[in-house]
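Enquirer: I'd like to ask you about the structure that follows.
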Amino acid sequence: MDWYELSRRLHRRYEGKIEVLPKVPAFTREHFAIWYTPGVAGPAEDNARDPEQSFHNTWRWNTVAVVSDGTRVLGLGSIGPEGALPVMEGKALIFKALGGVDAVPLVHRARDPEKFLELLRLLEPSFGGVNLEDIESPKCFYLLDEARKRLEIPVWHDDQQGTATVTLAGLINAAKLTGRDLRRMKIVLVGAGAANIALYRLLRAYGVPPENIVVLDSKGILHSRRPDIEALRERNPWKYRIAVETDGGWHGPRDGGIPEALEGADAVVAASRPGPGVIKKEWIRRMNKDPIVFAEANPVPEIWPWEAREAGARIVATGRSDFPNQVNNSLAFPSIFRGVLDVRAKTITDEMAIAAAEELARFAEERGLREDYIIPSMEEWEVFPRVAAAAAAKAVEQGIARYPLSYEEELERAKRIIRATLEKMRLLYRSGLIEALPEEVEAAIRGASRARE
């Protein structure tokens, strides 16, 4: 199936994927007198006296801004804000469908980091959280770090934290299936962009020592004696920190590329450039017995799954929905935001991301781990309230929740909100108010679903 052409055709047909609908009765003049003038002056005065009331009187409690400057969109590169808009709109759709979160796509031309941050600060009163998306590296690291300092609402960069959270969940269960302790595994990260730098940070917070991790960028293994180390200190302090902390991992500070790095490794997580051929079969054979291979580049993974298995890989994951073990950000961001919005958290910490990853892993384990099932799929909606509850409970434990809820309380709240959202969509679809897809498209989707199974 040509997904690009099908998507082009359907985007034109539907003229966008989301819209705003009222959630209150608004049919008479009296209704409008309540929701707008003169009645609305009451909650307006309340908010003015105490801005925290805006989380109770408006949609702010449940609303996230999905913000991008369009400088690194999917695998398309810097295609600008208009190019990024359908992607941000798609993100907003997933926020609502899987988390019950209202999300507003916001693309802009503020490429300067300080202007970008000022934009976020100016918009803060309208939103309960910010999801940063598709921003070039290393600017994305600075923006996330600074926005978390300057804003009093949770800020998340999905290309960093989302990918890292779901990857960690997959690694937790891959370690179990292969009889390993993740905290003792030797792990290679191919690519030092947004996803793997965030994954490195989560692995360290999870308890993996730096000497057990090797990280590569396009020039090879990161270590303290590379000729460009001082340039890295200035240009990319996040990558510099990894070079110094790991110092080449168990190999020590020596030069080398992917084949040298994989020697004696238990797992490799590639989040680099589309393949195939970025990682070769003979390099997988250099790894320890029952190697774990996560090849996450889209649209083509760094090595095809069957090639990795032919080379001896026990567990293989990719970023694609048509292969088993999809590392899909959608498992993390809708549910984590569901939880942090419900407890009015001020930020999203690494510990909250780890709690979400552990809940994802636990859900899959309860369903029965297999080599082709180490993480849930986005179709298993029951996982989302559980991840929301795990993130919310950790926020409460860390003392950053304005509105504390227990795990059980948030689990029931999240179930109710997400179930209601799904039921609303079904009702609108069954009534014809959401236009059905053309029959030939539905037939093609059914065929693709059968092929995947």
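Enquirer: Which of the following residues is closer than 20 Å to residue 345 by Cβ and out of contact with any Leu (no Cβ under 7 Å at 6 or more places or on another chain): 99, 129, 77?
Expert: Values: 129 fails: out of contact with any Leu (no Cβ under 7 Å at 6 or more places or on another chain); 77 fails: closer than 20 Å to residue 345 by Cβ.
Answer to the check: 99.
Enquirer: Being part of a loop (DSSP other than H, G, I, E, B) and among the acidic types (Asp, Glu) is the filter here; which residues of region 9-36 pass it?
Expert: Let us first name the residues in region 9-36 that are part of a loop (DSSP other than H, G, I, E, B), namely 15-28, 36.
Residues satisfying the conditions are 15, 19.
Enquirer: How about region 288-334: which of its residues are buried (at least 24 other Cβ atoms within 10 Å of the Cβ), more than 25 Å from residue 359 (Cα to Cα) and in contact with a helix residue (DSSP H, G or I) (Cβ under 7 Å, 6 or more places away or on another chain)?
Expert: Answer for region 288-334, where residues must be buried (at least 24 other Cβ atoms within 10 Å of the Cβ), more than 25 Å from residue 359 (Cα to Cα) and in contact with a helix residue (DSSP H, G or I) (Cβ under 7 Å, 6 or more places away or on another chain): 308, 313.
Enquirer: Something else about it: Using the structure shown, decide if residue 116 is within 23 Å of residue 268 (Cβ to Cβ), aromatic (Phe, Trp, Tyr) and not assigned by TED's automatic domain parsing to the domain that holds residue 376.
Expert: For residue 116, the condition - within 23 Å of residue 268 (Cβ to Cβ), aromatic (Phe, Trp, Tyr) and not assigned by TED's automatic domain parsing to the domain that holds residue 376 - is not met.
Enquirer: Of the residues that make up region 143-163, is at least one at positive phi and either in a helix (DSSP H, G or I) or outside the structural domain of residue 374 (by TED's automatic domain parsing) (or both)? First the steps, then the outcome.
Expert: Initial filter on region 143-163 (at positive phi): none.
The answer is no; no qualifying residue exists.
Enquirer: Would it be correct to say that residue 278 is outside any loop (DSSP other than H, G, I, E, B), of a type outside the set (Gly, Ala, Ser), in contact with an Asp or Glu (Cβ under 8 Å, 6 or more places away or on another chain) and at pLDDT 95 or above? Explain how you work it out, then say what you get.
Expert: Details: outside any loop (DSSP other than H, G, I, E, B): no; of a type outside the set (Gly, Ala, Ser): yes; in contact with an Asp or Glu (Cβ under 8 Å, 6 or more places away or on another chain): yes; at pLDDT 95 or above: yes.
Spelling it out, it is not the case that residue 278 is outside any loop (DSSP other than H, G, I, E, B), of a type outside the set (Gly, Ala, Ser), in contact with an Asp or Glu (Cβ under 8 Å, 6 or more places away or on another chain) and at pLDDT 95 or above.
Enquirer: Turning to a different aspect of this structure: Just give me the residues in region 170-196 being assigned to a helix (DSSP H, G or I), touching a residue at least 60 places away in the same chain (Cβ under 8 Å) and within 17 Å of residue 245 (Cα to Cα), in sequence order.
Expert: 196
Enquirer: Any residue in region 230-250 that is over 17 Å from residue 186 (Cα atoms) sitting within a Cβ distance under 7 Å of a residue that is surrounded by 19 or more Cβ atoms within 10 Å (Cβ to Cβ) and aromatic (Phe, Trp, Tyr)? List the pairs, counting only those 6 or more apart or interchain.
Expert: Filtered contacts from region 230-250: 232/240; 233/240; 238/141.
Enquirer: Do you know which of the residues in region 21-61 that are of a type in the set (D, E, K, R) and modelled with pLDDT of 95 or more is nearest to residue 338 (Cα to Cα)? If you could, list the steps in order and put the result at the bottom.
Expert: First pass over region 21-61, keeping only residues of a type in the set (D, E, K, R): 23, 29-30, 45-46, 49-50, 52, 60.
From what's left, modelled with pLDDT of 95 or more: 45-46, 49-50, 60.
Details: 45: 28, 46: 25, 49: 27, 50: 24, 60: 13 Å.
This residue is 60.
Enquirer: What number goes with the only condition from (1) assigned to a helix (DSSP H, G or I); (2) crowded, with 23+ Cβ neighbours inside 10 Å that residue 348 does not pass?
Expert: Condition not satisfied by residue 348: (1).
The values are calculated or read from the model by the stated rules, or taken from the named source; none is laboratory data. The shown structure was predicted, so the numbers you read here are calculated from the model rather than taken from an experiment. We place every Cβ from the backbone using ideal geometry, glycine too, and count neighbours over all the protein chains shown.
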